[in-house]
Amino acid sequence: MSTVTLTINGQEVMVPAGTTVLDAALGAGFFIPTFCHDPANPGFGGCRICVVEIKGARNLPASCVTAAANGMVVETESPAVVEARKTILELILANHPVDCLTCEKSGDCRLQDYAFLYDVKGGNFGGERKDYAIDDSNPYISRNMNKCVLCGKCVRTCEKVEDRAVINFAYRGFRTKVATALDSSLADSACASCSRCVSVCPVGALSYKSMAGKARVWEVQKEEMICSWCETGCLFDLVRKNGKVLSVTAKTPGDGKSLCLKGRLGMELRHNEQPPTPMLKKDGEFVEVSWTEALGLDDILDKLK
């Protein structure tokens, strides 16, 4: 395998040819912030928060889409890089709710972490602000597009599953947003409620309704579980607070596994002392159903009668 050698923050680093500057830096122990980068769906390069300074380059390239090259000299925290990242954060915060005290994502939000890291206290840019209605139509997922940073991770992980691709970017310019077909509610879309999108969202734009108001991120413990409802072997997190199971959440699905609502509900039933009543869409409306129906067991039980 061919390799390339570059210098990152004064340290010589050797990586396989084709490795991005981001991966080379992370592998060498250097921190670079990211929003849109997803190791399972690389190559997007949209948020630009991962910019670095490369000697001889005309600008500050995004490290997640820049291939490492022999002799490359990279600085990940130069004054120019820090200034660029601060400006990017200020632009995001200029149109982002700052309700961190009550946000479900507080403590596990990259925007919050990076604003603290780079001492960005607010947006220095004025202008129009977005005011989208919160979409609570889906019984399992809450969407607040006012908090979306347009990283596109939800779009890419959804389309990773064959014949899914429920959401995508819509409109242009300031009005750009992640939307379903015809910008309808999530309940009116073909969403399978698998929660792949929630598992990769770096901010509070997508959240689990089952976790709303139950705990802060630092109060819970997560135990990785392998779903046994089929042979796919999808990963979920069993979320506990003070020993009590609060919910089952999807773990970042990197390999195109479809995940499914049935698997998550089945694990809720198995591990939660008071599992929420399952809901399925019938004739375009979500209605409460029995656990046997939600788990697809009615046909099996009928055959056993």
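The values are calculated or read from the model by the stated rules, or taken from the named source; none is laboratory data. If you're wondering where the values come from, they're calculated on a predicted model, not measured in any experiment. Neighbour counts are summed over all protein chains in view; Cβ atoms, including those assigned to glycine, are modelled from backbone coordinates with ideal geometry. Just the protein is used for accessible areas: all its heavy atoms, side chains included, with ligands, DNA and RNA removed. Shrake-Rupley method; radii C 1.70, N 1.55, O 1.52, S 1.80 Å.
From (1) in the same structural domain as residue 188 (by TED's automatic domain parsing); (2) under 17 Å from the mean Cα position of the chain (by Cα); (3) within 29 Å of residue 184 (Cβ to Cβ); (4) not β-branched (Val, Ile, Thr), pick out the condition that doesn't hold for residue 103.
All conditions are met except number (1).
If the Cβ limit is 9 Å and pairs must be 6+ apart or interchain, which residue in segment 11-30 that is outside the structural domain of residue 51 (by TED's automatic domain parsing) pairs with which residue that is open to solvent by less than 70 Å² (accessible area, probe 1.4 Å)?
none
Check segment 180-197 and report whether any residue there is touching a helix residue (DSSP H, G or I) at 6+ places or on another chain (Cβ under 7 Å), open to solvent by 10 Å² or more (accessible area, probe 1.4 Å) and assigned to a helix (DSSP H, G or I).
Among the residues of segment 180-197, at least one is touching a helix residue (DSSP H, G or I) at 6+ places or on another chain (Cβ under 7 Å), open to solvent by 10 Å² or more (accessible area, probe 1.4 Å) and assigned to a helix (DSSP H, G or I), which makes the answer yes.
Just the residues that are under 21 Å from residue 78 (Cβ atoms), among the polar types (S, T, N, Q) and part of a loop (DSSP other than H, G, I, E, B), please, taken from segment 20-59. It would help to see each step written out before you state the result.
Filtering segment 20-59 for residues under 21 Å from residue 78 (Cβ atoms) gives 20-35, 37, 45, 47-59.
Imposing the further condition that a residue be among the polar types (S, T, N, Q) reduces the set to 20, 34, 59.
Correct list: 34, 59.
As an exercise: evaluate residue 219 against (1) assigned by TED's automatic domain parsing to the domain that holds residue 192; (2) modelled with pLDDT of 80 or more; (3) over 26 Å from residue 109 (Cβ atoms) and give the number of the one condition it does not meet.
Of everything listed in (1) assigned by TED's automatic domain parsing to the domain that holds residue 192; (2) modelled with pLDDT of 80 or more; (3) over 26 Å from residue 109 (Cβ atoms), residue 219 misses just condition (3).
Step by step: first the residues of segment 46-60, then only those that are over 21 Å from residue 117 (Cβ atoms) and not β-branched (Val, Ile, Thr), then the one that is surrounded by the most Cβ atoms within 10 Å (Cβ to Cβ). Which residue is that?
Step one: of segment 46-60, the residues over 21 Å from residue 117 (Cβ atoms) are 54-59.
Among the residues that remain, those that are also not β-branched (Val, Ile, Thr) are: 55-59.
Numbers: 55: 10, 56: 7, 57: 13, 58: 6, 59: 10.
By that ranking, first place goes to 57.
Might you check whether a residue that is part of a loop (DSSP other than H, G, I, E, B), under 24 Å from residue 169 (Cβ atoms) and open to solvent by less than 40 Å² (accessible area, probe 1.4 Å) occurs anywhere in segment 72-86? Spell out the reasoning first.
Initially, segment 72-86 is screened for residues part of a loop (DSSP other than H, G, I, E, B), giving 72, 76-78.
Checking the rest, the ones that are also under 24 Å from residue 169 (Cβ atoms) come to none.
No, every residue in segment 72-86 fails to be part of a loop (DSSP other than H, G, I, E, B), under 24 Å from residue 169 (Cβ atoms) and open to solvent by less than 40 Å² (accessible area, probe 1.4 Å).
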